[in-house]
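Peer 1: The structure's right below; bear with me while I get my questions together.
The values are calculated or read from the model by the stated rules, or taken from the named source; none is laboratory data. Quick caveat, the model's predicted, so the values are computed rather than measured. FYI the Cβ positions are ideal-geometry reconstructions off the backbone, even for glycines, and counts take in every protein chain you see.
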Ligand SMILES: Nc1ncnc2c1ncn2[C@@H]1O[C@H](COP(=O)(O)OP(=O)(O)O)[C@@H](O)[C@H]1O
Ligand SMILES: [Mg+2]
């Protein structure tokens, strides 16, 4: 009961303080908004990159094709040799007929596949699909398999994952530096806001202290103020990103669906479920920590004066 | 001047003092003592004037009692506890049992009389029920019930000091400290405040008043402690204001 009343008191005081100090409060909340918008954009891009890479990686593996005229027996022999290697998880033999069926099912519509009749244009396309237990060994495995007898060609999709990695690192570096700058600005503005609020109320604070208010009680309204600034700063970016993300993935899908069949994005609800807690922790964290530190320092100063 | 033999007063001294300074010195700056080797004992129910010229160390004594500052040497005891050793969280509890008023009233200008008094209870998280009961009681005691909705700037100095007094008393303090409470008041208002302090003392609160008001000190016949240059130069029952010769 008492705790609840104190909580309401502190929230009331915090709101009062924000209102009295609205220009600084708005500036602080605005900086947090900018931080979160940036953070959000980068988060969404990177999360989708990861998603794409993950779905690609689940397909990654190497495919081994054989020279014309290689018999099924020879292929199966090779299959056993590859399977013996430590980094190999599994090897699947795909006969030419299966390859053709798969291709028809995945990439051609019925009309188109009908035109081929019973011909198999992939006559010599029997292959081994090798999946790895250790993706980092892929290069070595590829080199080894390429040197094996009967092997004509080894396909691998490593390059996709590698270029993704480069872009991801770059994106992280850019976003982390931008966010670090914005966080510094936000912290500075919150500290100014809280300091100003404390200065306006220094008389009140010194009276409170002499009357016997606890440090916690004196400080709480300012920490609440910081927390509210944080929450205010996170409302707009969450809303904007929610709306914009939906639009963007819809447009991208409409524009490019014909080009890439496998253009997949993280579902809006799912990505917001990840982003909202992140955004709130981020903004509340900045608001509370910055205001707490400032309040503690400034109030100590006031208590030592007069 | 020999004091009368007052058996009640002498009996009370058998108990431990409420406030006790033992060899207390305070140097705000190294080597410059604001007060030096102060030894004072104040007993339960006493009314004590502390007088002395400006800069003699009176406010320093008040601030030491509140633990706003710490002694450079010596110890201050309140109710037998050395307050220098109280932890931070104990200090706020401790201050709730002490009422203070200042020369400049220190009221909150953006709140009315009722809320100024209630403020002292709100900051110690008193239940609203108690606030509704205590605040009017205190406002009646200082004669300001009809001004409860007024703001400080609508009141005279004397009225403002009475609000401050109501605020100091609302949490039922054991000790009341007043640092030049009549310093900004005319003689009539000064007398009213002093009479109030005397009433409060008669109800059992130990009262310590720092003042420059010679007329009042001389006629009230209370214990008077005189400071000069940070030292106690006299401490008399039913004393008089001594001219501080520097
Ligand atoms: N915060 C402070 N810093 C430095 N010196 C101080 C401080 N407060 C008081 N003093 C000095 O201590 C001495 C006593 O001051 P004070 O106790 O305020 O005297 P009084 O209340 O009797 O006028 C004075 O010389 C004053 O200048
Ligand atoms: Mg003084």
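Peer 1: Helices (runs of 4 or more DSSP H) wholly in the range B:1-103 with at least 2 residues that are within 16 Å of ligand 2 (Cβ to nearest atom) - which ones?
Peer 2: Values: elements: B:7-12, B:58-65, B:88-96.
Result: B:58-65.
Peer 1: Which one of B:224, B:209, B:163 is within 30 Å of residue B:79 (Cβ to Cβ), more than 16 Å from ligand 2 (Cβ to nearest atom) and assigned to a strand (DSSP E or B)? Please lay out each step first, then the result.
Peer 2: Details: B:209 fails: more than 16 Å from ligand 2 (Cβ to nearest atom); B:163 fails: assigned to a strand (DSSP E or B).
Sole residue among the options that is within 30 Å of residue B:79 (Cβ to Cβ), more than 16 Å from ligand 2 (Cβ to nearest atom) and assigned to a strand (DSSP E or B): B:224.
Peer 1: Residues to consider are A:46, A:75, A:18; find the one that is surrounded by fewer than 17 Cβ atoms within 10 Å (Cβ to Cβ) and in a helix (DSSP H, G or I).
Peer 2: Working: A:75 fails: surrounded by fewer than 17 Cβ atoms within 10 Å (Cβ to Cβ); A:18 fails: surrounded by fewer than 17 Cβ atoms within 10 Å (Cβ to Cβ).
Every option except A:46 fails the conditions.
Peer 1: Kindly check whether there is at least one residue in the range A:56-72 that is on the phi < 0 side of the Ramachandran plot, assigned to a helix (DSSP H, G or I), under 33 Å from the mean Cα position of the chain (by Cα) and away from chain B (no Cβ under 14 Å).
Peer 2: Yes: one or more hits.
This table checks each residue for (1) without any contact (Cβ under 8 Å) to a residue 40 or more places away in the chain; (2) on the phi > 0 side of the Ramachandran plot; (3) within 14 Å of ligand 1 (Cβ to nearest atom); (4) more than 14 Å from chain A (Cβ to nearest Cβ).
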position: B:175; (1), (2), (3), (4): no, no, no, no
position: B:190; (1), (2), (3), (4): yes, no, no, yes
position: B:194; (1), (2), (3), (4): yes, no, no, yes
position: B:206; (1), (2), (3), (4): no, no, no, yes
position: B:211; (1), (2), (3), (4): no, no, yes, yes
position: B:221; (1), (2), (3), (4): yes, yes, no, yes
position: B:231; (1), (2), (3), (4): no, no, yes, yes
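Peer 1: Looking at the range B:31-43, which of its residues are more than 15 Å from residue B:233 (Cα to Cα) and within 11 Å of ligand 1 (Cβ to nearest atom)?
Peer 2: Scanning the range B:31-43 gives B:32, B:33.
Peer 1: Determine whether residue B:28 is more than 16 Å from ligand 1 (Cβ to nearest atom), over 20 Å from the mean Cα position of the chain (by Cα) and within 14 Å of chain A (Cβ to nearest Cβ).
Peer 2: Values: more than 16 Å from ligand 1 (Cβ to nearest atom): no; over 20 Å from the mean Cα position of the chain (by Cα): yes; within 14 Å of chain A (Cβ to nearest Cβ): yes.
Spelling it out, it is not the case that residue B:28 is more than 16 Å from ligand 1 (Cβ to nearest atom), over 20 Å from the mean Cα position of the chain (by Cα) and within 14 Å of chain A (Cβ to nearest Cβ).
For (1) modelled with pLDDT under 75; (2) more than 21 Å from residue A:171 (Cα to Cα); (3) loosely packed, with under 14 Cβ neighbours inside 10 Å; (4) out of contact with any strand residue (DSSP E or B) (no Cβ under 8 Å at 6 or more places or on another chain), each residue gets a yes or a no:
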| residue | (1), (2), (3), (4) |
| --- | --- |
| A:69 | no, yes, yes, yes |
| A:83 | no, yes, yes, no |
| A:96 | no, yes, no, yes |
| A:113 | yes, yes, no, yes |
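Peer 1: Here is a further query. Could you tell me which numbered condition residue B:73 fails, if it satisfies all but one of (1) touching a residue at least 40 places away in the same chain (Cβ under 8 Å); (2) away from every other protein chain (no Cβ under 11 Å); (3) closer than 29 Å to residue B:220 by Cβ?
Peer 2: (3)
Peer 1: Tally time: how many residues in the range B:92-128 are touching a strand residue (DSSP E or B) at 6+ places or on another chain (Cβ under 9 Å), at the interface with chain A (Cβ under 10 Å from one of its Cβ atoms) and buried (at least 22 other Cβ atoms within 10 Å of the Cβ)?
Peer 2: Residues in the range B:92-128 being touching a strand residue (DSSP E or B) at 6+ places or on another chain (Cβ under 9 Å), at the interface with chain A (Cβ under 10 Å from one of its Cβ atoms) and buried (at least 22 other Cβ atoms within 10 Å of the Cβ): 5 in total.
Peer 1: Could you pull out the residue among A:218, A:229 that is within 14 Å of chain B (Cβ to nearest Cβ) and either in a helix (DSSP H, G or I) or exposed (fewer than 15 other Cβ atoms within 10 Å of the Cβ) (or both)? Walk me through how you get there before you give the answer.
Peer 2: Values: A:229 fails: within 14 Å of chain B (Cβ to nearest Cβ).
Of A:218, A:229, the one residue that is within 14 Å of chain B (Cβ to nearest Cβ) and either in a helix (DSSP H, G or I) or exposed (fewer than 15 other Cβ atoms within 10 Å of the Cβ) (or both) is A:218.
Peer 1: State whether one or more residues within the range A:190-211 are modelled with pLDDT of 85 or more, assigned to a loop (DSSP other than H, G, I, E, B), loosely packed, with under 15 Cβ neighbours inside 10 Å and away from chain B (no Cβ under 14 Å).
Peer 2: No, the conditions are met nowhere in the range A:190-211.
Peer 1: Could you check how many residues of the range B:46-74 are more than 16 Å from ligand 1 (Cβ to nearest atom) and out of contact with any helix residue (DSSP H, G or I) (no Cβ under 6 Å at 6 or more places or on another chain)?
Peer 2: Kept after step one, since they are more than 16 Å from ligand 1 (Cβ to nearest atom), are these residues of the range B:46-74: B:46-47.
Cutting the leftovers down to out of contact with any helix residue (DSSP H, G or I) (no Cβ under 6 Å at 6 or more places or on another chain) gives us B:46.
The total comes to 1.
Peer 1: Just to be sure, is residue B:188 surrounded by fewer than 22 Cβ atoms within 10 Å (Cβ to Cβ), modelled with pLDDT of 95 or more and farther than 23 Å from residue B:41 by Cα? Break it down into steps so the answer makes sense when it comes.
Peer 2: Numbers: surrounded by fewer than 22 Cβ atoms within 10 Å (Cβ to Cβ): yes; modelled with pLDDT of 95 or more: no; farther than 23 Å from residue B:41 by Cα: yes.
So residue B:188 fails the test.
Peer 1: Considering only the range B:139-164, state which residues are crowded, with 22+ Cβ neighbours inside 10 Å, touching a helix residue (DSSP H, G or I) at 6+ places or on another chain (Cβ under 7 Å) and within 14 Å of chain A (Cβ to nearest Cβ).
Peer 2: B:160, B:163
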